[in-house]
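Notes to accompany the following structure.
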Amino acid sequence: MSILIFVELDNGSIKKTSLEAVAYGAEIAKTKGTTASVLAIGNADLSELAIAGAYGASKVLHANTSELATENAMAYASVLTAAVQQENADVVILPKSGLCDAMGARAAAKLGASIVSGVTDLPDLTDGFKVKRSIYTGKAFATVDVKGDIKILGIKKNAIEAVAGSGIADVATFSPALGGGDFVAKVVSQEKASGELSLTEADIVVSGGRGMKGPEHWQPLIDLAQALGAATGCSKPVSDLDWRPHHEHIGQTGIKVAPNLYIACGISGAIQHLAGVNSSKVIVAINKDPEAPFFKAADYGIVGDVFDILPRLTKAVNESK
Amino acid sequence: MKILVCITNVPDTTAKISFAENDTKFNKAGVQYIIGPYDDYALARAVELKEQLGGSITVLNVGEADSDPQIRKALAIGADDAIRVNCDPQDSFFTAVQIAAIAKEGGFDLILMGRESIDFNSGVVHGLVGEMLGIPSFSPVMKLDIQGSTATFAREIEGGKEYLEAPLPLVLGCQEPIAEWKIPNMRGIMTARTKPLKVVEPVAVDELTTLDKYTLPAPKGACKMIPVDQAETLISLLKTEAKVL
């Protein structure tokens, strides 16, 4: 029995949330007295993959055939299943993401495995295999006992603090045989904003609402985000009005973020928006309305005009560097 | 075109969440239930596709009798018939087995559902059902068109969109802006009363997870207000006090 962790790649390196998944899997391996292996799919820098060792993995299986170059949840699920079988893994860890939910689900059906998504803490192994997971869009938690012989867990950002040690993992090529059924869909085209920081990976998010008054007034928010090295997001009305692209929409029906710092500018704080940000460690609300509900959910608040405050904050950030 | 739309019966997005029976049951008292918002988008697109291409829409819910008002609403919006698998669903795997069992019988071209339920937020049922049926599954789908036996659709990916083409049958997890939510009209509400709603018993599934208990997050401390003329002190507080910069 062993632990297998799937990692997502970004430009050939392991994503930060995936390194947390490695640390999470390695911690379970330590408790159970077994080893943790990593599966990476797609183009990668081999020395970047070896970094998984610093987070506790002993080896990395690297699947990188040309047919796996584009993200394909079905093919990735088949590769994951083959890796689970080869490594005789009984616990499989994936970072929570759209891709990982999709491939984890298909792998779970292939393996007859238990699948639990949205896990927020390390499992309690003293009596069974109990994990805490986020439910009702962050408004509550459920502790579930995972009973399957194989357990697949999708872990949320910040489920564990990933601290790099000094280990280096061995990287081995992994090329299981894949069926044609995984490749029936054809990718016609992709539209991807380049060079943008990923909202779900970002440690800091600066987000704007209707109080920003229009797409032409976004620059002060973008300036603060750049000064902080933050990703930018927005509320639902803002993406509905096409002020900002849909992939920036944070909330109940949009992206759920869990950064260390979330700065809400001109967002009133409707419950549907809060559902997308309530896993953030620290929340700052800036709003001209002192009654804005966001202040009840925030750690720090400033009542005032965003167009006065944002440039002053940007200046303060730049001066403190 | 035979379309199966799977809907969840979930607390309204503004509902206050609390638990009963020693934190082992969701407290339904005073809670308004709705069709899952993502499922509602899937249903709306199904109705549009049926208007375009003809065919039928079956709506499916895995749940208890208190789902019936939401099922009737789906019928009023435009589904032709409904099936409810009569049980309190245990987990994603259990639910997926029930959906796959119904889908196998029905010979559907398209199986639509929301990208995730808003109660358990797992986002894995479409993938499980796809694999159980041996057909492709995609999520989150934000645009969908059908030409003959081919679907062309757009999926949200990190920082953008991906446009795909795949042969039917397919399982798709949907989200906005695939269609606008539809509000049932009076005629729809009247005809929904007589549309067939079949109640079937669940297929047996090995228990893969069991609930231990529910918990609520620790209450949030008070918000520290910073006077606007000292807005700049926020940055130093974030550094030294909150330690997030």
Any chance region A:219-238 includes a residue that's touching a Phe, Trp or Tyr at 6+ places or on another chain (Cβ under 8 Å) and part of a loop (DSSP other than H, G, I, E, B)?
-> no
Looking at region A:298-318, is at least one residue more than 21 Å from B:L216 (Cβ to Cβ), aliphatic (A, V, I, L, M) and assigned to a loop (DSSP other than H, G, I, E, B)?
-> no
Among the numbered criteria (1) in contact (Cβ under 8 Å) with a residue 12 or more places away in the chain; (2) within 11 Å of chain B (Cβ to nearest Cβ); (3) within 24 Å of the chain's Cα centre (by Cα), which single criterion is violated by A:T232?
-> (2)
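In this structure, is A:A142 in contact with a Leu (Cβ under 9 Å, 6 or more places away or on another chain), at pLDDT below 90 and not β-branched (V, I, T)?
no
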Filter result (among the β-branched types (V, I, T) and either assigned to a strand (DSSP E or B) or open to solvent by less than 40 Å² (accessible area, probe 1.4 Å) (or both)) within region A:168-212 | A:V171, A:T173, A:V187, A:V188, A:I204, A:V205, A:V206
Flag for A:K256 being open to solvent by 50 Å² or more (accessible area, probe 1.4 Å), within 11 Å of another protein chain (Cβ to nearest Cβ) and within 23 Å of A:A159 (Cβ to Cβ) = yes
Criterion: more than 7 Å from every other protein chain (Cβ to nearest Cβ), over 19 Å from A:S97 (Cα atoms), part of a helix (DSSP H, G or I) and not hydroxyl-bearing (S, T, Y) - qualifying residue of B:I189, B:I183 | B:I189
Which one of B:S18, B:S56 is within 12 Å of another protein chain (Cβ to nearest Cβ), small (G, A, S) and open to solvent by 30 Å² or more (accessible area, probe 1.4 Å)?
-> B:S18
Going through (1) open to solvent by 70 Å² or more (accessible area, probe 1.4 Å); (2) facing chain A (nearest Cβ under 9 Å) one by one, B:D212 fails only at (1)
Any idea how many residues of region A:152-167 are surrounded by 13 or more Cβ atoms within 10 Å (Cβ to Cβ) and in contact with a Gly (Cβ under 9 Å, 6 or more places away or on another chain)?
-> 6
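Select the strands (runs of 3 or more DSSP E) contained entirely in region B:3-120, then report the ones holding at least 1 residues which are of a type outside the set (V, I, T) and closer than 21 Å to B:A179 by Cβ. Spell out the reasoning first.
Values: elements: B:9-11, B:33-35, B:56-63, B:81-86, B:110-114.
Where strands (runs of 3 or more DSSP E) fall fully within region B:3-120 and carry at least 1 residues being of a type outside the set (V, I, T) and closer than 21 Å to B:A179 by Cβ, they are B:9-11, B:56-63, B:81-86, B:110-114.
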Go through region A:111-147 and give me each residue that's more than 8 Å from chain B (Cβ to nearest Cβ), of a type in the set (V, I, T) and in contact with a strand residue (DSSP E or B) (Cβ under 6 Å, 6 or more places away or on another chain).
-> A:V119, A:T120, A:V131
Answer with yes or no whether A:S320 is open to solvent by 30 Å² or more (accessible area, probe 1.4 Å), facing chain B (nearest Cβ under 9 Å) and among the small types (G, A, S).
-> yes
So, of the residues in region B:127-167 that are outside any strand (DSSP E or B) and more than 7 Å from chain A (Cβ to nearest Cβ), which turns out to be surrounded by the most Cβ atoms within 10 Å (Cβ to Cβ)?
-> B:V129
Note on B:K198: of the conditions (1) open to solvent by less than 30 Å² (accessible area, probe 1.4 Å); (2) more than 11 Å from chain A (Cβ to nearest Cβ), unmet is (1)
Answer with yes or no whether B:G173 is within 11 Å of chain A (Cβ to nearest Cβ) and surrounded by fewer than 13 Cβ atoms within 10 Å (Cβ to Cβ).
-> no
In region B:5-15, residue farthest from the other protein chains (Cβ to nearest Cβ) [restricted to those that are under 13 Å from the mean Cα position of the chain (by Cα) and not charged (D, E, K, R)] = B:V5
Can you find even one residue in region A:80-87 that is at the interface with another protein chain (Cβ under 9 Å from one of its Cβ atoms), out of contact with any Pro (no Cβ under 7 Å at 6 or more places or on another chain) and buried (at least 24 other Cβ atoms within 10 Å of the Cβ)?
-> no
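The rows are residues; the columns are (1) within 14 Å of another protein chain (Cβ to nearest Cβ); (2) touching a strand residue (DSSP E or B) at 6+ places or on another chain (Cβ under 9 Å); (3) on the phi > 0 side of the Ramachandran plot.
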site: A:D170; (1), (2), (3): no, yes, no
site: A:A177; (1), (2), (3): no, no, no
site: A:V188; (1), (2), (3): yes, yes, no
site: A:S198; (1), (2), (3): yes, yes, no
site: A:L221; (1), (2), (3): no, yes, no
site: A:A227; (1), (2), (3): yes, no, no
Region B:190-218, subset of a type in the set (A, V, I, L, M) and under 22 Å from the mean Cα position of the chain (by Cα), residue nearest to B:Q98 (Cα to Cα) | B:V203
Answer from A:G118, A:G128 - the residue that is in a strand (DSSP E or B), free of Cβ contacts under 8 Å to residues at least 60 places away in the same chain and assigned by TED's automatic domain parsing to the domain that holds A:G165 | A:G118
For A:G269, work out the one condition from (1) more than 10 Å from chain B (Cβ to nearest Cβ); (2) assigned to a helix (DSSP H, G or I); (3) within 29 Å of A:K156 (Cα to Cα) it doesn't fulfil.
-> (2)
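The values are calculated or read from the model by the stated rules, or taken from the named source; none is laboratory data. Since the structure is predicted, the reported quantities are computational estimates derived from the model, not experimental observations. Here Cβ is always computed from backbone atoms with ideal geometry, including for glycine, and neighbour counts include all displayed protein chains. Accessible surface areas use protein heavy atoms only, side chains included; no ligands, DNA or RNA. Shrake-Rupley method; radii C 1.70, N 1.55, O 1.52, S 1.80 Å.
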